[in-house]
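What follows is a single structure, written as structure tokens, with notes after it.
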Ligand code: ZN
């Protein structure tokens, strides 16, 4: 099957170029100036629209009324609908919960998709907890928080469905656990943490490569105690996630993050929960009741409980808040998360890369989405 995405402005490593993108066997086979058409089974004429790598959301708790922690099988139903926001891959996120919940989610991942599945690809779980600081729980249930323990986590690896773990490095035993997880190929992110600057840097030295939702649920920046925020902003090789919904962080704080981490190390996430795509109302995340109104999703105490952000909105917001170029904002949703999870086949459009492609209009709205060369969302249909 050869498909040509014709006449677009293609975001490549060398910049945005007028080109036809040829896809064969689910991979990018050619990016070349529009010319007499190659032989193709299908031609998708995109008439000057932006052709970019599919978005990768490395922290999403659910959406469309469904919550992965409560119902890991929902990964497929949500994944099938994420391409409408330009998402082609995601890390379904399970928040602090009993060990059996994580095991169930691992089973869903290793069993793989239903036979007729089309949609965004869940690459592996992001376990946000339970080894988090009781001082920075956010909306997580403190009853289920645990101290790091090798035995409880020795089944966590990409082979068993776990790609990323958020933990607090200041907890006893956390540094050894970071090293063990990284050795097994798990990406370790620092978050829900009250770490001092020194404790945060110690976690980075032992292998943590990213921070979880910068600013939210972490020790704040102070000029004599820079905290986890200071460590993430200052450490040049470390990436950080950020929720750019205009609620979780002030636009000025987003600009500070961009100046410190952009364009290569800022990673847009949604941290979306069940209310994403649903509007205002009452929802749950794990066992927590959440009310959604114009101030976002909040638990009974008013603490933010995830977001209702979508990835395409996050990209638009980053461009608006920082004044960065569309290509840079797109990179924060594509190349940057791909680099964090160590996947060179995603997040870029180059020969040999997966043909995970999103077509955007000039205002960065998703028009169509392809996963492995197959159209999985067509906004004009
Ligand atoms: Zn969180």
Between helix 99-111 and the chain: long-axis angle, C-alpha atoms, 0 to 90°, nearest 10: 20
Förster-model FRET efficiency, 41 Å R0, residue 182 and residue 17, C-beta, rounded to 0.05: 0.65
Descending Cα extents along the principal axes, the chain, whole Å: 64, 45, 42
Theoretical gain in end-to-end length, residue 198 to residue 300 [0.36 nm per residue, Cα-Cα removed]: 33.3 nm
Calculated [θ] (222 nm, deg cm²/dmol) that DSSP helices of n ≥ 4 give over the chain, each run adding -39,500 (n - 2.57): -6500 deg cm²/dmol
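For the residues 90, 283, what sequence is obtained by ranking on other C-beta atoms within 10 Å, fewest first? Present the calculation step by step, with values, prior to reporting the outcome.
Working: 90 29, 283 23.
By the 10 Å Cβ count, ascending, the order reads 283, 90.
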For 376, 52, order by how many other beta-carbon atoms lie within 10 Å, fewest first: 376, 52
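Would you mind putting 215-226, 231-242 in packing order, based on average other-beta-carbon counts within 10 Å, highest first?
Values: 215-226: 16.8, 231-242: 21.8.
Peptide ranking by packing, descending: 231-242, 215-226.
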By average C-beta atoms within 10 angstrom, highest first, the peptides 43-49, 135-141: 135-141, 43-49
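Going by C-beta contacts inside 10 Å, put 264, 67, 293, 57 in order with the fewest on the left.
The most exposed by this proxy come first: 293, 264, 67, 57.
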C-alpha long axis of helix 311-322 to longest principal axis of the chain, angle in °: 80
Where labels lie 7 Å past Cα in the beta-carbon direction, separation of residue 43 and residue 71 in nm: 4.4
Considering only region 54-340, percent of DSSP beta bridges that pair antiparallel, nearest 5: 30
In nm, spacing of pseudo-spin labels at residue 1 and residue 35 (7 Å Cα→C-beta vector): 2.7
Sites residue 146 and residue 361 - FRET efficiency at Förster radius 41 Å, r taken between beta-carbons, to 0.05: 0.35
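Where does each of 98-111, 200-213 land if you order them by average Cβ count within 10 Å, highest first?
Details: 98-111: 16.3, 200-213: 23.5.
Put in order of decreasing packing, that is 200-213, 98-111.
Taking 0.36 nm per intervening residue step and subtracting the Cα-Cα distance, what contour gain separates residue 380 from residue 345 on full extension?
9.8 nm
Only the coordinates and a few stated rules stand behind these numbers; no lab work does. Computed from a prediction, not measured in an experiment: that's the story for all the values here. Methodologically, a virtual Cβ is constructed for each residue, glycine included, from the backbone with ideal geometry; neighbour enumeration extends over all protein chains shown.
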